[in-house]
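Note sheet for the following structure.
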Amino acid sequence: MRTHLGGAERPATIRIEAGVITAVEDFDARADVVLGPDQVLLPGLVDSHVHLNDPGRTDWEGFTTGTAAAAAGGVTTVVDMPLNSLPVTTTPEALAAKRAAAVGNLAVDLACWGGAVPENLGRLRALHEAGVTGFKCFLAPSGIDEFGHLDAAQLEAALAEIAAFDGVLVVHAEDPVHLHPPGPLGPRYADFLASRPAASEAVAVAAVIEAARRTGARAHVVHLSDGASLDAVRTAKAQGVRLTVETCPHYLTLQAEDVPDAAPAYKCCPPVRDRANQDLLWEGVADGTIDAVVSDHSPSTHALKEQGDGDLGLAWGGISGLQTGLATVWTRARQRGLDLADVLPLLTTGPAGIAGLSRAGRLAVGAPAHLVAFEPDTAWTVDAARLEYRTKLSPWHGQELQGLVAATWVNGEQVWDAGAGLLTRAGRDLTEGPR
């Protein structure tokens, strides 16, 4: 049975007891489950950037639909962002409300980010001790009134506070000085792109680097779209700054030149940029500068997406990519001459490491039995109406992709079958207990 182990593919058998991998052995054709010759066994993917919006905005998504979509996409562990749920996850009480909403609704394992906002600075340790994996902040308005952004002094204060308990601050890095104020822009994608220029990211990434350098804290830049900022990231890493960075499938597979006007399914912040910029991001994937590729799955309702009748200044931003991430990235990676082994760490151990989930994303003794049967050569066409999301919307609708998730196991139980759909819910809350 073809299995990805330690960066290479070889025949193997995985032994499982009580939801945990107990042995990795030579291939045994008598095993209970033997994959077909067109399938390869992967470790379950980890997506450390997911907005499930539960509790409070479950008409946007929710634990039931969102974790089903994760299982369908081969993602067995998600880390939920502190917004756009109500309440936002900025207090231990809000985290408890989120955990309560998750009970019985998880198809995959769940961990949670906390939020760092102006109102809770100085009190982050309590949220850390309550079980969040780290803290998310914005350097520009988040779009949600209840989740404010940090200015330069507050960014430094948050990093210094988090450094005291060796946490991590994950940062939406856009500088508001360079952003067009909220309001109508019209339907042209070129105008929306110009409203959030690459300079906004470059300035913000530089500010994060310098603040992390001064405080000695761990900092992580989320959803980087500006490929030119990777040079600053490379330099900072070489100088010992404790910095990691992620990008997303939409930045690696969609291009501004191809985005139609008046198409809010493509709107996200920061925006999808041009083909030359995308080449820089793929260079960062190939040379290891980028540490993770995660979805930034950020759904909303059709009404919010369609408000403004195609005006991209008024339509809600956010791309749904949790279920399609593996296939979209693999499709483009193989076109660029990369192997599955080249990108798999960015979808598994990379995001797991950022979120401090040391047991996730790998096939090893003692790890949870999170497994994916993947058919790398199988082509399929995205039909948004058949995705597991609550809001059936995808910028990849109608595209043919390579790579099908045939089956997904979570904690040793099969939760997804490509033919039958969701089979059960075997996810666990990782807020307490081993990660």
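Checked against the criterion of being buried (at least 24 other Cβ atoms within 10 Å of the Cβ), hydrophobic (A, V, I, L, M, F, W, C) and closer than 23 Å to THR67 by Cα, the stretch 276-292 contains one or more residues that satisfy it. Restricting to the stretch 406-422, and then to whatever is outside any strand (DSSP E or B) and closer than 28 Å to LEU95 by Cα, can you tell me which residue is most open to solvent (accessible area, probe 1.4 Å)? Here the residue is GLY412. Between ALA157, ALA107, ALA101, ALA94, the distinction of being more than 25 Å from LEU357 (Cα to Cα) and of a type in the set (A, V, I, L, M) belongs to ALA157 only. Total residues in the stretch 67-105 satisfying the condition of being over 13 Å from GLY427 (Cβ atoms), open to solvent by 40 Å² or more (accessible area, probe 1.4 Å) and in contact with a helix residue (DSSP H, G or I) (Cβ under 6 Å, 6 or more places away or on another chain): the figure is 2. Please find, within the stretch 387-405, the residue that is surrounded by the most Cβ atoms within 10 Å (Cβ to Cβ) out of those that are outside any loop (DSSP other than H, G, I, E, B) and under 21 Å from the mean Cα position of the chain (by Cα). Per the stated criteria, the residue is VAL405. Evaluate the following for LEU252: is it open to solvent by less than 10 Å² (accessible area, probe 1.4 Å) and farther than 25 Å from VAL177 by Cβ? Considered against the rule, which asks whether it is open to solvent by less than 10 Å² (accessible area, probe 1.4 Å) and farther than 25 Å from VAL177 by Cβ, LEU252 comes out as yes. Could you pull out the residue among ALA355, ALA367, ALA373, ALA360 that is touching an Asp or Glu at 6+ places or on another chain (Cβ under 8 Å), open to solvent by less than 30 Å² (accessible area, probe 1.4 Å), in contact (Cβ under 8 Å) with a residue 60 or more places away in the chain and among the small types (Gly, Ala, Ser)? ALA360 is the lone residue from the list that is touching an Asp or Glu at 6+ places or on another chain (Cβ under 8 Å), open to solvent by less than 30 Å² (accessible area, probe 1.4 Å), in contact (Cβ under 8 Å) with a residue 60 or more places away in the chain and among the small types (Gly, Ala, Ser).
Just to be sure before I move on: is LEU139 over 23 Å from ALA352 (Cα atoms), in contact (Cβ under 8 Å) with a residue 60 or more places away in the chain and open to solvent by 10 Å² or more (accessible area, probe 1.4 Å) in the structure I sent? Yes: the conditions hold for LEU139. Against the numbered list (1) open to solvent by 40 Å² or more (accessible area, probe 1.4 Å); (2) in contact with a Ser or Thr (Cβ under 6 Å, 6 or more places away or on another chain); (3) closer than 22 Å to SER48 by Cα, TYR266 comes up short only at (2).
Might you check whether a residue that is part of a loop (DSSP other than H, G, I, E, B), crowded, with 16+ Cβ neighbours inside 10 Å and either at pLDDT 95 or above or not hydrophobic (A, V, I, L, M, F, W, C) (or both) occurs anywhere in the stretch 200-217? Yes: one or more hits. Scanning the stretch 26-64 for residues that are open to solvent by 10 Å² or more (accessible area, probe 1.4 Å) and hydrophobic (A, V, I, L, M, F, W, C) yields PHE27, ALA29, ALA31, VAL33, VAL34, LEU35, TRP60.
Here PRO260 fulfils each of the conditions (1) part of a helix (DSSP H, G or I); (2) open to solvent by 40 Å² or more (accessible area, probe 1.4 Å); (3) touching a residue at least 24 places away in the same chain (Cβ under 8 Å) apart from (1).
Just so you know, in the stretch 327-352 the residues that are in a helix (DSSP H, G or I) and under 13 Å from the mean Cα position of the chain (by Cα) include one that is surrounded by the fewest Cβ atoms within 10 Å (Cβ to Cβ), and it is THR349.
Could you list all residues from the stretch 218-236 that are assigned to a helix (DSSP H, G or I), open to solvent by 10 Å² or more (accessible area, probe 1.4 Å) and not aliphatic (A, V, I, L, M)? Let's see the steps before the verdict.
Step one: of the stretch 218-236, the residues assigned to a helix (DSSP H, G or I) are 227-236.
Imposing the further condition that a residue be open to solvent by 10 Å² or more (accessible area, probe 1.4 Å) reduces the set to 228, 231-232, 234-235.
Result: ASP231, ARG234, THR235.
Quick one: which of THR408, THR391 is polar (S, T, N, Q), in contact with a Ser or Thr (Cβ under 9 Å, 6 or more places away or on another chain) and under 27 Å from ALA265 (Cα atoms)? Can you show your working first?
Numbers: THR408 fails: under 27 Å from ALA265 (Cα atoms).
Checking each option against the conditions leaves just THR391.
Checking each residue in the stretch 278-290 for being over 15 Å from ALA232 (Cβ atoms) and part of a helix (DSSP H, G or I) picks out GLN278, ASP279, TRP282, VAL285, ALA286.
On the basis of being under 16 Å from ILE319 (Cα atoms) and among the hydrophobic types (A, V, I, L, M, F, W, C), does ALA426 make the cut? Outline the logic, then answer.
Values: under 16 Å from ILE319 (Cα atoms): no; among the hydrophobic types (A, V, I, L, M, F, W, C): yes.
Answer is no for this residue.
Residue by residue, here is whether (1) touching a His at 6+ places or on another chain (Cβ under 9 Å); (2) β-branched (Val, Ile, Thr) holds:
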site: LYS98; (1), (2): no, no
site: VAL103; (1), (2): no, yes
site: VAL108; (1), (2): yes, yes
site: GLY131; (1), (2): no, no
site: LEU139; (1), (2): yes, no
site: GLY148; (1), (2): no, no
site: ALA153; (1), (2): no, no
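Among all residues of the stretch 377-392, there is at least one that is in contact (Cβ under 8 Å) with a residue 40 or more places away in the chain and farther than 30 Å from ALA262 by Cβ. Restricting attention to the stretch 181-206, the residues that are in contact with a helix residue (DSSP H, G or I) (Cβ under 7 Å, 6 or more places away or on another chain) and either within 27 Å of ALA352 (Cβ to Cβ) or acidic (Asp, Glu) (or both) total 2. Looking across the stretch 297-326 at every residue that is in a helix (DSSP H, G or I) and out of contact with any Pro (no Cβ under 8 Å at 6 or more places or on another chain), the one that is surrounded by the fewest Cβ atoms within 10 Å (Cβ to Cβ) is identified as ALA303.
Listed by first and then second residue, the pairs with beta-carbon distance under 7 Å, at least 6 apart or on different chains, first residue in the stretch 1-16 and farther than 13 Å from ALA364 by Cβ and of a type in the set (Gly, Ala, Ser), second exposed (fewer than 15 other Cβ atoms within 10 Å of the Cβ) and modelled with pLDDT of 85 or more, are ALA8/ALA341.
The values are calculated or read from the model by the stated rules, or taken from the named source; none is laboratory data. Please read these numbers as outputs of a predicted model, since none were measured by experiment. Don't worry about glycine lacking a Cβ; one is built from the backbone with ideal geometry, like all the others, and counts go over all protein chains shown. The protein model used for the area step is the full one, side chains on, heavy atoms only, and it has no ligands, DNA or RNA in it. Shrake-Rupley method; radii C 1.70, N 1.55, O 1.52, S 1.80 Å.
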